[in-house]
Amino acid sequence: MGLGESLRDAIDKLRGKHILDRKAIDEFIKDIQKALIAAGVDVKLTFSITNEIREKALKTEQVEGLTTRDILINLLYESLVSIVGDEYKPDIRPKRIMLIGLYGAGKTTTAAKLAYFYKEKGLKPLLITTDRYRKAAYEQLEHLAKSINVDFFSIKDASPEEIIKEALKRIKRSNVAILDTAGRDSLNEELIKELKLQAELFKPDEKILVISADIGEVVKSLVKAFNDAVGIDGIIITKMDGSAKAGGTLTAAKLSGAKVMFIGTGEKVEDLEPFNPKRYVGRLLGMPDIGAFIERVNRVLREESEELPEIKSNITLLDFYKQIKTLSKLGPLKDIASMLGFSSLPKDVLENSQDTLKKYKAMIDSMTEEERLNDALLNNRSRIERIARGSGTKPEEVKEFISKFREMKKIYRQLLNNRDLRRRFSIGS
């Protein structure tokens, strides 16, 4: 179980508790401590912030209109924001960026993601690789550069020094040069010497250490080692979407004094974002991140030249299918659900969205027009069995789908209550 899921479970236990008493506070604190420690957050830090939450909660007077859950979520949110680092605002200007790190951190993919990020900001990136040790490094970065339509340069079987010297002659055509260097299994003397020489030739404006979110507490010693050896300006943490230790890695990075510049939130080139602690913690706790959602929508609309279908309050099964299919273009449904704060969506809908959609469509296609417009008719056993036969599924699966659809209807009503979304998308009632 990831940190976000553990924290949300602790929060869910507060439902129905109206009195902010010591028992409710202590139970909540124990759950938060377990979640943070399991995620690799430093034990001393964990007890420090949870004790602080407990003390503040005990001193908080119950205010009419605020539940125990509201008060404790707010205290938890503020505490987590304070320990995961500061917001990073990228300097959008011509620059040279040198990426360094060990094997398996995801430097090459991150180089392409950075290029895509700066290209979207109006700059012209050039991707360069000096990695002679990993056989597929050249081909991988060249392929990624083509996929996002940015310049690429390297020379097979040449030394890093030769590659950089030739690359510098081509930089004039670009204004953001991103150098992907070779890694090793560990930071040894050979790698240090190589990185120092490349830095002297390339003269980077930013030397960025790329690390994987699954390394946890090790980030402190790794940051210190690289900083002492070659100096770094900040770090990029990759694989934030799939690591249970992501929270521990972030807090360890903060303790090391490193500036978290970007975080990788998925496998696609667009899945890199400047680090924003409020946004990150909000997602962990299941709070809506409307800003990120609007950014994603706007990007897809630019690329697809499409409009999202109207979101209606009285959603039918047909509306449900059309809207989920359209939203899936925005990326994995689990990402969209996270942005909208819908952490209670069924896991199979989130993680197996395409296969699930095909099955759902087959069921909906097997319904009559009347059934698609009025799901109340689907409480009938004979209708369920007919739909199952027509869609090649089992009656139990049809019943489960109808149950999930009704849960989705409730979630859509929550979405409709969000004034910001109503204003931006002109959602009707």
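What follows draws every value from the coordinates through simple rules; no lab data is involved. What you see is a predicted model, and the numbers here were worked out from it, not measured in a lab. Here the Cβ is made from the backbone with ideal geometry for all residues, glycine too, and neighbour counts use every protein chain on show.
Output wanted: per-residue J couplings in Hz (rounded whole) for the stretch 15-28, from phi through Karplus 6.51 cos²θ - 1.76 cosθ + 1.60, θ = phi - 60°, x for Gly and Pro.
4, x, 8, 9, 9, 7, 10, 4, 5, 5, 5, 4, 5, 4
Could you give the size of the charge dipole of the stretch 3-83 about its Cα centre, using +1 on the Cβ of each K and R and -1 on the Cβ of each D and E, expressed in debye and rounded to the nearest 20?
With Lys and Arg at +1 and Asp and Glu at -1, about 180 debye.
Using DSSP to call loops (not H, G, I, E or B), can you name the trypsin sites (Lys or Arg not before Pro) in the stretch 95-191 whose Cβ has at most 16 other Cβ atoms within 10 angstrom?
LYS121, ARG134, LYS135, LYS156, ARG184
Roughly what % of DSSP beta bridges within the stretch 95-276 run antiparallel, to the nearest 5?
10 percent
In whole Hz, what ³J(HN,Hα) sequence does the stretch 169-186 give by Karplus (6.51, -1.76, 1.60; θ = phi - 60°), x for Gly and Pro?
Each residue of the stretch 169-186 in turn: 5, 9, 5, 4, 6, 10, 10, 9, 9, 10, 9, 9, 8, 6, x, 8, 6, 8 Hz.
Using alpha carbons only, how many angstrom separate the centre of the stretch 21-98 from the centre of the stretch 212-256?
Their Cα centres are 20 Å away from one another.
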